[in-house]
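K.L.:
Dropping the structure in here first, questions after.
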């Protein structure tokens, strides 16, 4: 885990990853572990490789959804929202961890990003008075949904890349102006078909786990073959993975 130090550079004593506050704003070590947006590969290397990284991602969802209030001294609404979501230590009601589900794309298991992105959308968002999972904060929580419903998310803003998840609809058309369109076409998409089995971009086989901003602006058709079974062999080549400073 990432862990705080005191003014003398000593590690904070009595560390507990479920304790909120201290070095972590509105969260704990489970949430802030993943905040290396520009260098996910560097974080993977630091954590001992892809398998250790994926195991830790998995553990976010399987850990009990318990809270220690820490320096906050009492429950704040972000804690309550995490407990109510019942997704382990995944706290989608606040922003620090919202990109985390997409990090599987960097570590050879993009199908898990597809599963969890769809699960979060389905479980935490709906058209009722309780269908919004927490803070908005400059539009982040709603923009996460808008992008994720399209089937991708900007893990590293400024990189010009959108990391793939699982779209919510069978067909999505983005009107670009001057009669140009970018179409996300997933004709066999439905509730149980959360996984991308294969993809083409303008008729060409597409193996990357991200789209570029240029791909979208150029217009065309991004066709997805959705399945209820994960394609565990897709997205493992280094050249198919999203941007990261480290190699």
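K.L.:
Can you report the number of residues in region 5-47 which are surrounded by fewer than 14 Cβ atoms within 10 Å (Cβ to Cβ) and either in contact with a helix residue (DSSP H, G or I) (Cβ under 9 Å, 6 or more places away or on another chain) or not in a loop (DSSP other than H, G, I, E, B) (or both)?
P.N.:
Here is the first cut: in region 5-47, the ones surrounded by fewer than 14 Cβ atoms within 10 Å (Cβ to Cβ) are 5-16, 25.
Now restrict to residues that are either in contact with a helix residue (DSSP H, G or I) (Cβ under 9 Å, 6 or more places away or on another chain) or not in a loop (DSSP other than H, G, I, E, B) (or both): 5, 11, 15-16, 25.
Here the count works out to 5.
K.L.:
Okay, next question. So residue 178 fits all but one of (1) surrounded by 18 or more Cβ atoms within 10 Å (Cβ to Cβ); (2) at pLDDT below 95; what number is the exception?
P.N.:
Residue 178 satisfies all of (1) surrounded by 18 or more Cβ atoms within 10 Å (Cβ to Cβ); (2) at pLDDT below 95 except (1).
K.L.:
Among 151, 139, 88, 158, which is surrounded by fewer than 23 Cβ atoms within 10 Å (Cβ to Cβ), on the phi > 0 side of the Ramachandran plot and at pLDDT 95 or above?
P.N.:
On the way: 151 fails: surrounded by fewer than 23 Cβ atoms within 10 Å (Cβ to Cβ); 139 fails: at pLDDT 95 or above; 158 fails: at pLDDT 95 or above.
Selected residue: 88, the only one of 151, 139, 88, 158 that is surrounded by fewer than 23 Cβ atoms within 10 Å (Cβ to Cβ), on the phi > 0 side of the Ramachandran plot and at pLDDT 95 or above.
K.L.:
Right, here's the next one. For region 91-105, state whether one or more residues are closer than 30 Å to residue 122 by Cβ, free of Cβ contacts under 8 Å to residues at least 40 places away in the same chain and not in a helix (DSSP H, G or I).
P.N.:
Within region 91-105 (the criterion being closer than 30 Å to residue 122 by Cβ, free of Cβ contacts under 8 Å to residues at least 40 places away in the same chain and not in a helix (DSSP H, G or I)), the answer is no, since none of the residues qualifies.
K.L.:
Can you confirm whether residue 167 is surrounded by fewer than 13 Cβ atoms within 10 Å (Cβ to Cβ) and part of a loop (DSSP other than H, G, I, E, B)?
P.N.:
Working: surrounded by fewer than 13 Cβ atoms within 10 Å (Cβ to Cβ): no; part of a loop (DSSP other than H, G, I, E, B): yes.
The answer is no for residue 167.
K.L.:
Hey, residue 50 hits all of (1) touching a residue at least 12 places away in the same chain (Cβ under 8 Å); (2) closer than 26 Å to residue 6 by Cα; (3) buried (at least 16 other Cβ atoms within 10 Å of the Cβ) but one; which does it fall short on?
P.N.:
Status for residue 50: all satisfied but (2).
K.L.:
Take region 207-233 and flag every residue that is closer than 14 Å to residue 152 by Cβ and either in contact with a helix residue (DSSP H, G or I) (Cβ under 8 Å, 6 or more places away or on another chain) or part of a loop (DSSP other than H, G, I, E, B) (or both).
P.N.:
Within region 207-233, 208, 209, 210, 222 meet the criteria.
K.L.:
May I ask you to list the residues in region 188-206 that are assigned to a strand (DSSP E or B), out of contact with any helix residue (DSSP H, G or I) (no Cβ under 7 Å at 6 or more places or on another chain) and free of Cβ contacts under 8 Å to residues at least 24 places away in the same chain?
P.N.:
Here is the first cut: in region 188-206, the residues assigned to a strand (DSSP E or B) are 195-201, 204-205.
So of that shortlist, the ones also out of contact with any helix residue (DSSP H, G or I) (no Cβ under 7 Å at 6 or more places or on another chain) come out as 197-200, 204-205.
Scanning region 188-206 gives 200, 204, 205.
K.L.:
Consider residue 3 against the criteria (1) touching a residue at least 24 places away in the same chain (Cβ under 8 Å); (2) under 19 Å from the mean Cα position of the chain (by Cα): it satisfies all of them except one. Which criterion is unmet?
P.N.:
(2)
K.L.:
Could you tell me how many of the residues in region 184-202 are loosely packed, with under 14 Cβ neighbours inside 10 Å and touching a strand residue (DSSP E or B) at 6+ places or on another chain (Cβ under 8 Å)?
P.N.:
Final tally of qualifying residues: 4.
K.L.:
Can you find a residue in region 19-28 that is closer than 25 Å to residue 196 by Cα and either out of contact with any strand residue (DSSP E or B) (no Cβ under 6 Å at 6 or more places or on another chain) or modelled with pLDDT under 95 (or both)?
P.N.:
no
The values are calculated or read from the model by the stated rules, or taken from the named source; none is laboratory data. All figures in this text were calculated on a predicted structure; none of them were measured in a lab. Backbone-built Cβ (ideal geometry, glycine too); neighbour counts: all protein chains shown.
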